[in-house]
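The values are calculated or read from the model by the stated rules, or taken from the named source; none is laboratory data. Computed from a predicted structure; not experimentally measured. With ideal geometry, Cβ positions are generated from the backbone for all residues, glycine too; neighbour counts draw on all protein chains shown. Only protein heavy atoms, including side chains, enter the accessible area calculation; ligands, DNA and RNA are left aside. Shrake-Rupley method; radii C 1.70, N 1.55, O 1.52, S 1.80 Å.
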Amino acid sequence: LDLDIDWSDVFNHAHAVSKTNPFWNELSASNPFVHDIAASNRNENNKYLSVLKEKPCLFSKISSNRDSLASSGDELDIDCLLRKTSARRSGRSKSVSDFLDIVDNQRFNPRKTTPQKTIASDMTWLQNDREAYKMAWLSHRQLTRSCLDLEAMSHSPGWAQTQATDIHVVCKLNHEGGSVQLPDSDINIHVPVGHVLPGEFQEVGLKAILNPPSLFNNDLSSTVSPLIELTLSNLNTREAIFLEVKVAAKVKNDPLSQVMSDMVCFFSLNKEGPFKKLENCYTYQDTIQVKLTDLSHVMYAVIAIQANKIQPPATNVWDYVHRTVSVGIYGPKHIHPSFTAVFTVFGHNYIPGKLTICDIKKRGKNMPPVVFQLWGKHTFLLEKPQDLNISLVSCDPDFEVKMEDQSRNIKEEELKTGEMVRQQFLFSMLGCREMHFFVFLVKIKVLKSSQVMQFHVTTPDPAPKVSGIINRPKRLQNRKEIKSAPLFLIPTVKYPKFQDKNLSVKTYGVALKTVLRQNKIDYLLEYFKGDTIALLGEDKVKAIGQTKIKEWYVGVLRRKIGLVHCKNIKVISKEQAMDTADSELTTKNLVEQIALPFKKLTYIYSVVLSTVSESVYDWRALAEVLGYSHMSLDDFNEEHADKESERVAHVVKRMKEDCHANKKKRLFLYELIIALLKIDCQGLVARLTQDTIILTSAVKLGKYWRDLAEKLARLTKQQIEAYEVPHQGKNGAVAPEVRF
């Protein structure tokens, strides 16, 4: 169509139609083809230029009369619609996101925010081509549509809420400099004082591209960070800037690894390269700081571990570093009766909060790209690239993982590429029960060894019900309503029943010499030559010293678990073992031995109480293993009877009081850890272990904090004194308890 056509007759006809069309006033404010017509009809004094004539840049204009959290480009002002539309009007003409926004507003009452532009302002190429502009608008609308399948809209509201996922940050700095950090990451830009002239400004932008360049992933090199995009607005600079990144690996401390490998930074002015290796780098363990001198408006950098050459028995660069692998579980914003969870492995330690998934299939058809939210994440040490087996198990009887999706494998070659590796798991609800959030277990097993990592993930809430809003008669809209927060069902988690039985040991070791220590060490076994020691697996514990690495087995002898040096025993099978009476161990003895260190660890009771009450979902299971199987709901007062977390907290408090009354024989944290191990709460025990070890170390090392700050954090004397100033007493001294 020619843009110079006189559209006045069409508009006059539209004004006439608007008087008889009951839906005319509710036209979408974001539709560039009808917005000006509807607006001029509502307000005769407001003269809008038609987008069909000469204003194709209307993407940047969004109605300011909205109070919505919606992210789609075709949302309506539903509050206005519900007030003005007739009682018989069907709600199907509105998108699911529209109704979810209303519920969110009613529940959370967000503050009004100024809408941002949804597309770049460079739209001049569309001004003279209305058809191209129309197609661009429709493509944008389809990309940001608030649901994937209109047919399944009422059944799958969890697919809604699509929004942009590129995480980036832009910060404006003056001549005093400053630091810019990419959200939820360890990627920082440091701009020194005097970088720009006084009165001038520098806009610094940071963005992480999740898949690094493939050319740096081979036997001699492996990327350990995302591809970092750095943008600058002002090139009239006096000082260089510094890029600081904490990466997913660190070079081993042995002399060979220190000589054969190094952490390097590759730099380029183009995303596709070519990249050059920068020399102005400083590394400390898993952190690298790079000085950038050749500045441009757009720059790219990636961190990698590089080996000079591979010396046998090493097979690739992974053998020279301690490499951590990061995984994330992503899913929809709201769960529904059938949904997909995506297990993602990253080649770096940056796990974004949102991820665009482009390969979702439904009924055998490819679905449009959808944005998934981060539900949970985990990191673990992987010595070398190996085949991994991933399995997801629902802890709730109301949900199950599709049989063919319960277990997936990730190949060694996929990990070597450094790119994201994704596996999809389909969850479905059993029967027609009421929707509720639930917990599932993620297991990661290294196929060539017995190494197993696992962690629990809690799903988000189901989508708020919108049927009451859609079908509410007009005569009830003005009625005063009592609003209350919805009560969601607590997920039913099946905790195992603890059984005290003998451990089944497959591997034993015969002591080749006698080892008795003058200074007793709790975690090291003592044995006589010829003793038969039960080995809890063939995995070795590596202790890295100053000059060499010692390897140990975890063994059992005379009901004690401890480490035994690999060189001091000969490994034999179960059939070859002669006398195994001294190496027998029951499951009860096992959990008691595991929990022994907690007798000496420092803890904060309030932190332990809140952590346990939030992570245990069945108070009866916890009460039974703590020795309170006789407890019933009658033992709780009204304050503790409403929520499961409050009941769990009540059980823990009662155990704390009993332990306090008998301090000589009972230890609170020790007994609690034993109970949690008996109901298989390994992830919770790991979290409590980390918290108590950090606190204990801080208490023990508090008086030496100056030495630690100087040697570990490399702080200067002036910086150390500056930290102490706010905590000094009247006499100028810092109390011991404040130091840690």
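As a test question: what accessible area, to the nearest 10 Å², does residue 528 have when a 1.4 Å probe is rolled over all protein chains in place?
Here the accessible area works out near 100 Å².
Using 0.36 nm per residue of separation minus the Cα-Cα distance, give me the extension gain between residue 380 and residue 730 in nm, one decimal.
The residue 380-residue 730 span can extend by a further 121.4 nm.
Can you sort 631, 403 by 1.4 Å-probe accessible area, starting with the largest?
So the residues, ranked largest to smallest area, are 403, 631.
What percent do you get for the relative contact order of segment 505-585 when only Cα pairs under 8 Å and 6+ apart count?
Numbers: 169 pairs, mean separation 28.9, N = 81.
In percent, rounded to a whole number, it is 36.
Taking 7 Å along the Cα-to-C-beta vector as the label spot, tell me the residue 520-residue 661 distance in nanometres, rounded to one decimal.
About 3.2 nm, to one decimal.
Along each of its three principal axes, how wide is the spread of alpha-carbon positions in segment 358-456, in whole angstrom units, largest first?
Between the extreme Cα coordinates on each principal axis of segment 358-456 lie 45, 30, 23 Å.
Once you've got the Cα coordinates, tell me which of 333/365; 445/678; 443/678; 250/309; 416/506 are over 24 Å apart.
416/506
Could you tell me which of the pairs 550/570; 377/402; 497/574 are separated by over 19 angstrom between their Cα atoms in the structure shown?
377/402; 497/574
Mind computing the radius of gyration and Dmax over the alpha-carbon atoms of segment 586-739? Å is fine for both.
Computed over the Cα atoms of segment 586-739, radius of gyration and Dmax are 19.8, 60 Å.
Keeping to pairs on different chains or 8 or more places apart, tell me how many lysine pairs in segment 576-669 have Cα atoms under 28 Å apart.
24
Round to the nearest 10 and report in Å² the accessible area of residue 500, as given by a 1.4 Å probe over the protein chains' heavy atoms.
That residue has around 90 Å² of solvent-accessible surface.
Return the Rg/Rh ratio of segment 244-356 with Cα-based radii and a Kirkwood Rh.
1.08
From largest accessible area down, sort 697, 221; use a 1.4 Å probe on the protein chains.
These residues rank, largest area first, as 697, 221.
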